[in-house]
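Written below as structure tokens is the structure these notes are about.
Every number here is computed from the coordinates shown, using simple stated rules; none is lab data. Computed from a predicted model, the values in this text were never measured in an experiment. Note: ideal-geometry Cβ built from the backbone for every residue, glycine included; neighbour counts use all protein chains shown.
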Amino acid sequence: GTYTIPAARLVGEEGKVYALDKDKKALDKLMQKAKSEGLRNIERIDTSGEPRIKLADDSVDVVLLFDVFHSYYFTGVGDRRKLLDEVVRVARPDALISVWPKHMESDARDEIENANFYLESEHSGTLIHENGYLEKGQVLNFRKKPRAKNVENRASFQDYAIVACGTLNLELNYLRDSGFLDARKVLYTKPGRHEVPRELESQLIRQIGTAKKYAPNIIVVYGGKFCYVNTDNLYRKIDTIIQEQEEEGIKISRIKASHCVDMLASKEERERISQDKDVYWLTPGWMKYRHYVYQDWDKGLANENFPKHTGGAIMLDTIAFYDKVMENEPEKILEFSDWMGIPIEPYRITLNRLRNLLLDEIKPWNVRKLQDTK
């Protein structure tokens, strides 16, 4: 009742507040408290924790998601997207969606904006939590995007298939699960094949061949300068391989970036982050698939390559990967850092650059490109 009781007072007798919870005892207690205060405009909705909201379409003016929209209640991005789809369904066109994204402040905005909402305002300060407990936090207020405008301006990958290096599957799967990357198929090659160019070429050709079965347009998410280096034929580039796979009715393009790190942060952005230090750049996939990325590397080879980066290693983390590993398996980061011989630090960024690079490859569209923000 921390938020339900005040909301009931605000809307008055002519309004109604729906209180949803899977905790029957909590709802019992709430209804008893409401009755004692003479509030008869609260309707309880018992759930079993599923995203489904038992209300009619376009039926509510305000949705409060305070300390609800996070991975504790909805473990995966897909589960949270289902919840947001339900909010879109039940909310009226001009409805206010107010969110306190406790526990996932850095990711909530991206997920919610990708689910047909736009950020209207944000407020930071002292918030009331359970049992009157006070703590600092930030509330994000969203509105539904107008239907007509959204249909007209929504960039879509529905006529596309994606072929990507497996090293980037964490980021691309996130974009897919959040609803942004609605491609017909997303296919991956084995991570770290830049160490074995012949195998990379074979897998890339095979996956492009598979992608042709799904869509007439294919986007290859591979870098151009560093991802494929054929020492036997330096004139054979990754774009040469891609062009050889084109045929009538099939259009293939490659994302405009030099390597996977460049897909997450531009050269200028990396210079700003590194503050002119000699940094070894990582993505979450480089750590997760390190046994493929650094195939056949021993400690001696590691010592030759990593310690010269006096600024240590920085992981460009768009999905809170580092924090999750540190919480659940910190020894993996410590072991990797020890093997490299340099410290590893995370740097949180958004997926906006990768989104924009993908959008650059699709058919003409009139959606304003996302601003690169930290």
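Projecting the Cα atoms of P284, Y347, L127 onto the charge dipole of the chain (Cβ charges, centred on the Cα centre) puts L127 farthest toward the positive pole. On full extension, the segment bounded by E269 and L55 gains 72.5 nm, given 0.36 nm per residue less the C-alpha separation. Our helix-only sum for the chain, with -39,500 (n - 2.57) per DSSP H run of n ≥ 4 divided by its residues, gives a mean residue ellipticity at 222 nm of -10000 deg cm²/dmol. Taking amide H as placed 1.01 Å from N in the peptide plane, C165 has its amide H under 5 Å from the amide H of T189, V221, each at least 5 places away in sequence or on another chain.
Order these by the 10 Å Cβ neighbour count, fewest first: E246, E331.
Listing E246, E331 from fewest to most nearby Cβ atoms yields E331, E246.
Length, then width, then depth: along the principal axes, the Cα atoms of segment 35-122 run 40, 28, 24 Å. Please work out, to two decimal places, the log10 of the ratio I(q)/I(0) at q = 0.19 Å⁻¹ from a Debye calculation in which every Cα of segment 252-324 carries one identical scatterer. Rounded to two decimals, the profile gives -0.95.
Projected label points at T47 and A155, each 7 Å from Cα along the beta carbon direction, are separated by 3.2 nanometres. When F226, F142 are arranged by Cβ crowding within 10 Å, least crowded first, meaning fewest neighbours, the order is F226, F142. Measuring max minus min along each principal axis, the C-alpha atoms of the chain give extents of 82, 51, 34 Å (largest first). Where the centroid of each part is defined by its Cα atoms, how far is segment 200-255 from segment 73-123 in Å? The two parts, judged by their Cα centres, are 37 Å apart.
Each residue of segment 237-251 was assigned a 3J(HN,Hα) from its phi angle through the Karplus curve 6.51 cos²θ - 1.76 cosθ + 1.60 (θ = phi - 60°); the sequence is 9, 5, 5, 5, 4, 5, 4, 5, 8, 5, 8, 4, x, 10, 10 Hz, with glycine and proline shown as x. Spin-label model, R184 to S202: label points 7 Å out along the Cα-to-beta-carbon direction sit 2.8 nm apart. Among the chymotrypsin sites (Phe, Trp or Tyr not before Pro) in segment 1-109, those located in a DSSP loop and surrounded by at most 11 other Cβ atoms within 10 Å of their own Cβ are Y72.
Efficiency by 1/(1 + (r/R0)^6): what FRET value for D239 and N328, r their Cβ-Cβ distance, R0 = 51 Å, to the nearest 0.05? Approximately 0.80, to the nearest 0.05. Residue exposure proxy: M326, M263, ordered by other Cβ atoms within 10 angstrom of their Cβ from fewest to most, comes out as M326, M263. Label-to-label distance, V11 versus L119, with points set 7 angstrom from Cα along the beta-carbon direction: 2.7 nm. Rounded to whole numbers, the Karplus 3J(HN,Hα) couplings from phi for segment 90-96 are 7, 7, 6, x, 9, 5, 9 Hz, using 6.51 cos²θ - 1.76 cosθ + 1.60 with θ = phi - 60°, and x at Gly and Pro. Per residue, the convex hull around the alpha carbon atoms of segment 212-361 comes to 150 Å³. Of all lysines in the structure, the ones whose alpha carbon falls short of 17 Å from that of K288, not counting any fewer than 8 places away in one chain, are K190, K324, K332.
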